[in-house]
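The values are calculated or read from the model by the stated rules, or taken from the named source; none is laboratory data. As the structure is a computational prediction, the values presented were derived from the model and not from experiment. No Cβ is skipped: glycine too gets one built from the backbone with ideal geometry, and neighbour counts run over all protein chains shown. Areas reflect the complete protein model, heavy atoms only, side chains present, ligands, DNA and RNA absent. Shrake-Rupley method; radii C 1.70, N 1.55, O 1.52, S 1.80 Å.
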Amino acid sequence: MNGFPSLVPAYQFYDAQTNEAVRDVVPEPIIWLLTHVTHLGDGAVLVVLGVTLYWFGAGDRRQRAFVLAIATASLAVAAGIKGIFAIPRPETAFTPLEYPGYSFPSAHALGAAAIYGTLAVVLNIWTKRTRILIAGIVIITVMLSRVVIGVHYVEDVIVGALLGTGLVLIGMYFNRNPYSVFTFALVISAVAFVIGSREFTTLAFGASIGGMVGWQYVRDQEFSSSGAAIAVSGILAIPLMLGFRGVELLLFSHWPTEIFMYAVLTAFVLAVPVWAKQVEDWTAVNRLQDSVFSRRQPNIPEMDD
């Protein structure tokens, strides 16, 4: 009994002192590196990665759409839990001032575990063990970076990584079916919204609906093999996003408008490779294909069938 208290760590996970203790043992050059590597878990980076693989990747389209569905589900889970618990971020001397959002769980750790874990499963490159090892290194590095820069407690990143890994397992349970995973994301975001979370739940809800509709539309249609045609069609998303943003501002960000906006945008992303068939014969597209894409897709690893 007398020895039991000595087994209790000096710093608890849910304590800003733990962040300080971890940072103290990390060399300054590594801290500088981690402040940049942390962006591997940024939502924008993960979305761009998923969209790029979906548009330009080779192999089974179902696997490519599955990555986007997992990204949507990770957003739904992170946003829902953050908005429900609403736990403030750590307060340390190195925590960035006025860093937005809540602390629990870490969306960066959750998203990194979900997306890089999914890529380790579906990509057809190297061996599966190598892919899992690389994904694990990236995930752990992102987790460490969030603690070291003072924006998450240790508990936040551990729970986030576990939730992200759980999403990969759920996706495997659904047999990598994009529609099922989008549906799962819809249920999670809807429940979170009803409970009271307003932390990007409308974005997740709309993206889930758009994913379900978009995948049903494209799954049996022919995709364009022209990288230039896909790129040109994808550029149309820019004025679409700007237009929706203008409407959102005019309507003072009402949640039905946000849901509709993100639903249309997600469905558009899924439909781009199909609609690109309509512009393959354009002279400008052919020139772009010859000069930039060299009559082949970018060198992106294939997905498993």
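Out of all the residues in segment 238-249, which are modelled with pLDDT under 70, of a type outside the set (Phe, Trp, Tyr) and either surrounded by 11 or more Cβ atoms within 10 Å (Cβ to Cβ) or in contact with an Asp or Glu (Cβ under 9 Å, 6 or more places away or on another chain) (or both)?
Scanning segment 238-249 gives Met241, Arg245, Val247, Glu248.
Can you report the number of residues in segment 107-129 which are open to solvent by less than 10 Å² (accessible area, probe 1.4 Å) and either at positive phi or of a type outside the set (Gly, Ala, Ser) (or both)?
So the count comes out to 4.
Identify all residues within segment 201-227 that are hydrophobic (A, V, I, L, M, F, W, C), surrounded by 18 or more Cβ atoms within 10 Å (Cβ to Cβ) and in contact (Cβ under 8 Å) with a residue 60 or more places away in the chain; write none if there are none.
Within segment 201-227, Leu203, Ala204, Phe205, Ala207, Trp215, Val218 qualify.
For segment 90-106, give me the residue count where each residue is open to solvent by less than 20 Å² (accessible area, probe 1.4 Å) and within 24 Å of Ala69 (Cβ to Cβ).
2
Give segment 138-155 a look and list any residue that's touching a residue at least 60 places away in the same chain (Cβ under 8 Å), in a helix (DSSP H, G or I) and not β-branched (Val, Ile, Thr), or say none.
Residues satisfying the conditions are Leu144, Ser145, Arg146, Glu155.
Within the bounds of segment 24-34, is there any residue that is of a type in the set (D, E, K, R), more than 30 Å from Ile125 (Cβ to Cβ) and open to solvent by 20 Å² or more (accessible area, probe 1.4 Å)?
Scanning segment 24-34 turns up at least one residue that is of a type in the set (D, E, K, R), more than 30 Å from Ile125 (Cβ to Cβ) and open to solvent by 20 Å² or more (accessible area, probe 1.4 Å).
With (1) at pLDDT below 95; (2) in a helix (DSSP H, G or I) as the list, and Phe252 as the residue in question, which single condition is left unmet?
If we test Phe252 against (1) at pLDDT below 95; (2) in a helix (DSSP H, G or I), just (2) comes out false.
Go through segment 140-188 and give me each residue that's within 17 Å of Ile81 (Cα to Cα), open to solvent by less than 20 Å² (accessible area, probe 1.4 Å), within 16 Å of the chain's Cα centre (by Cα) and of a type in the set (Val, Ile, Thr).
Answer for segment 140-188, where residues must be within 17 Å of Ile81 (Cα to Cα), open to solvent by less than 20 Å² (accessible area, probe 1.4 Å), within 16 Å of the chain's Cα centre (by Cα) and of a type in the set (Val, Ile, Thr): just Val157.
Tell me whether segment 67-79 contains one or more residues that are more than 30 Å from Arg219 (Cβ to Cβ) and either out of contact with any Lys or Arg (no Cβ under 9 Å at 6 or more places or on another chain) or among the small types (Gly, Ala, Ser) (or both).
No, every residue in segment 67-79 fails to be more than 30 Å from Arg219 (Cβ to Cβ) and either out of contact with any Lys or Arg (no Cβ under 9 Å at 6 or more places or on another chain) or among the small types (Gly, Ala, Ser) (or both).
If Thr38 satisfies all but one of (1) more than 24 Å from Ala231 (Cβ to Cβ); (2) at pLDDT below 95, what's the number of the condition it fails?
(2)
Taking Arg198 as the residue in question, decide whether it is among the basic types (Lys, Arg), surrounded by 21 or more Cβ atoms within 10 Å (Cβ to Cβ) and either touching a Phe, Trp or Tyr at 6+ places or on another chain (Cβ under 8 Å) or touching a residue at least 60 places away in the same chain (Cβ under 8 Å) (or both).
In short, no.
Any idea how many residues of segment 50-62 are touching a helix residue (DSSP H, G or I) at 6+ places or on another chain (Cβ under 7 Å) and open to solvent by 50 Å² or more (accessible area, probe 1.4 Å)?
The number of residues fulfilling the criteria is 1.
With modelled with pLDDT of 95 or more, over 12 Å from the mean Cα position of the chain (by Cα) and not in a helix (DSSP H, G or I) as the only criterion, which of Pro100, Pro90, Pro105 stands out?
Only one candidate qualifies: Pro105.
Just to be sure, is Ser233 touching a residue at least 60 places away in the same chain (Cβ under 8 Å) and of a type in the set (Gly, Ala, Ser)?
No: the conditions fail for Ser233.
In a helix (DSSP H, G or I) and under 18 Å from Gly43 (Cβ atoms): which single residue out of Ser197, Ser189, Ser180 fits that description?
Being in a helix (DSSP H, G or I) and under 18 Å from Gly43 (Cβ atoms) holds for just one of Ser197, Ser189, Ser180, which is Ser189.
Under 6 Å by Cβ, and 6 or more places apart or on different chains, what pairs join a residue from segment 61-90 that is under 12 Å from Met303 (Cβ atoms) with one that is open to solvent by 20 Å² or more (accessible area, probe 1.4 Å)?
Within 6 Å, the pairs are Phe66/Arg176.
Note down all Cβ pairs under 8 Å where the first residue falls in segment 26-49 and is more than 26 Å from Leu265 (Cβ to Cβ) and part of a helix (DSSP H, G or I), the second is open to solvent by 50 Å² or more (accessible area, probe 1.4 Å) and among the hydroxyl-bearing types (Ser, Thr, Tyr), and they're at least six residues apart or on different chains.
Final answer for the pair search is none.
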